[in-house]
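The values are calculated or read from the model by the stated rules, or taken from the named source; none is laboratory data. A quick note: this is a predicted structure, and the numbers were derived from the prediction, not measured. With ideal geometry, Cβ positions are generated from the backbone for all residues, glycine too; neighbour counts draw on all protein chains shown. Only protein heavy atoms, including side chains, enter the accessible area calculation; ligands, DNA and RNA are left aside. Shrake-Rupley method; radii C 1.70, N 1.55, O 1.52, S 1.80 Å.
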Amino acid sequence: MSVTIKDVAKKANVAPSTVSRVISDSPRISEKTKRRVRKVMDELGYHLNYNGRVLVSQSTQTIGIVTKVASVHSFDNPFFSELLRGISDACHDKDYSIYLTTGNTEESIYREVVKMVQGKRVDGVIVLYSREDDNVVPYLRECNFPFVMIGKPVSHTSDTMFVDNDNVQASKEVTDYLIGLGHQKIGFIGGDSHYEVARDRLSGFKLSLSEQGLELPRDYLKNIQSGKADAETVVEEILQLTEPPTGLVITDDYNSMKVMRALEDKGIRLPDEMSIVGFNNTMIARLSKPPLTTVDTQSFQLGHESARSLIELLNHPDMMKKSIIIPTVIVERESCIRLEVQNTDPEQDRTPH
């Protein structure tokens, strides 16, 4: 026979309504009482009847996660795993479950989102990307369905709740860092240019070079993009240049690792012949050889704040839409080297007599 709320209330010496408020984490109940009731729930093996709860509250206690590609491919990139860990942590605190899209194409992911919304499978959605020509976010807006984005929206910025970094500033700062090490020939390897994060990081890179009065040859700009160019192709194109760059800004650690491997396969010594910086400070940045200098975007915090914001929106549907900017910091490791400035002025090279 299953344990009921009344059983818990009797052993904890409280009213059944108090147990219900503890389950919903009501602020009206003291932390001391909550701890006592939860201890009794654990001792008796009480488990909440979610089916009944859904029928009563019209809530699934579930949040949908919309990926930009199939989740099986997303898990290859540790950044996604860290986002998901942050989301999971915040959902666990508020007793929410997660429903993850698994489509292999943009169209199949869109159809899954429609099923989520129309089938009332989730209470709200976290969209893990921001991109142009996207069908998901306009559909959620049209349905007036609660959602939060990770990434700055392409449009409707003022009335969309989102969590992001200042990617323009972060990219500018890490490019400034390379310039400060004496690099003047710096290349940029971006990801899919349809995504807002890729465009913002390119903008920050260009801004840094412009402020420093440095040239940006067109051949120094590359993209690793599914179906168009992989790391090996990009590296080969860079090394064939008459004057290859001495440093590279690469828009995530995952692609940085692939570029580093391709460079080593070509016999390029890192960082002696090429300095590299990445983004996200994932586990592979610490484990790469050499360890990668990278921008810590606090991916766990991005995920955690997105879930926390969505749950807040679900509890207060009329709240003002807000944006949260998570700060970034450069983590210096061993993938960059300072270039010695060569003196090219013949007058200064003369030894005085």
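Considering every residue within segment 206-216, establish whether at least one is open to solvent by 80 Å² or more (accessible area, probe 1.4 Å) and touching a Pro at 6+ places or on another chain (Cβ under 7 Å). Looking through segment 206-216, none of the residues is open to solvent by 80 Å² or more (accessible area, probe 1.4 Å) and touching a Pro at 6+ places or on another chain (Cβ under 7 Å).
So that you can scan it fast, the table gives a plain yes or no per residue for (1) of a type in the set (F, W, Y); (2) out of contact with any helix residue (DSSP H, G or I) (no Cβ under 9 Å at 6 or more places or on another chain); (3) over 19 Å from L181 (Cα atoms); (4) surrounded by 22 or more Cβ atoms within 10 Å (Cβ to Cβ):
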| position | (1), (2), (3), (4) |
| --- | --- |
| G267 | no, yes, yes, no |
| M274 | no, no, no, yes |
| M283 | no, no, yes, no |
| P317 | no, yes, yes, no |
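The residue list S203, S193 contains one member that is open to solvent by 30 Å² or more (accessible area, probe 1.4 Å), within 22 Å of D134 (Cα to Cα) and modelled with pLDDT under 95, which is S193. In the set (1) within 24 Å of T297 (Cα to Cα); (2) exposed (fewer than 15 other Cβ atoms within 10 Å of the Cβ); (3) of a type in the set (V, I, T), T233 fails one condition alone, (1). For V69, the criteria (1) under 25 Å from S130 (Cβ atoms); (2) open to solvent by less than 90 Å² (accessible area, probe 1.4 Å); (3) at pLDDT below 90; (4) touching a helix residue (DSSP H, G or I) at 6+ places or on another chain (Cβ under 7 Å) hold in every case but one, which is (4). State whether the residues of segment 85-105 include one that is at pLDDT below 95, closer than 27 Å to D25 by Cα, among the acidic types (D, E) and assigned to a helix (DSSP H, G or I). Within segment 85-105, one or more residues are at pLDDT below 95, closer than 27 Å to D25 by Cα, among the acidic types (D, E) and assigned to a helix (DSSP H, G or I). Restricting attention to segment 285-298, the residues that are open to solvent by less than 10 Å² (accessible area, probe 1.4 Å) and not in a loop (DSSP other than H, G, I, E, B) total 4. Filtered by the rule that a residue be small (G, A, S), more than 18 Å from H304 (Cβ to Cβ) and surrounded by 16 or more Cβ atoms within 10 Å (Cβ to Cβ), segment 97-152 gives G103, S130.
Could you tell me whether any residue of segment 251-262 is under 15 Å from E334 (Cα atoms), open to solvent by less than 20 Å² (accessible area, probe 1.4 Å) and outside any helix (DSSP H, G or I)?
No, because not a single residue in segment 251-262 is under 15 Å from E334 (Cα atoms), open to solvent by less than 20 Å² (accessible area, probe 1.4 Å) and outside any helix (DSSP H, G or I).
Table: residues versus (1) under 30 Å from I325 (Cα atoms); (2) over 18 Å from the mean Cα position of the chain (by Cα); (3) at pLDDT 95 or above.
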{"position": "N167", "(1), (2), (3)": "yes, no, yes"}
{"position": "E173", "(1), (2), (3)": "yes, yes, yes"}
{"position": "G180", "(1), (2), (3)": "yes, yes, yes"}
{"position": "L209", "(1), (2), (3)": "yes, yes, yes"}
{"position": "L214", "(1), (2), (3)": "yes, yes, yes"}
{"position": "A231", "(1), (2), (3)": "no, yes, no"}
{"position": "E237", "(1), (2), (3)": "no, yes, yes"}
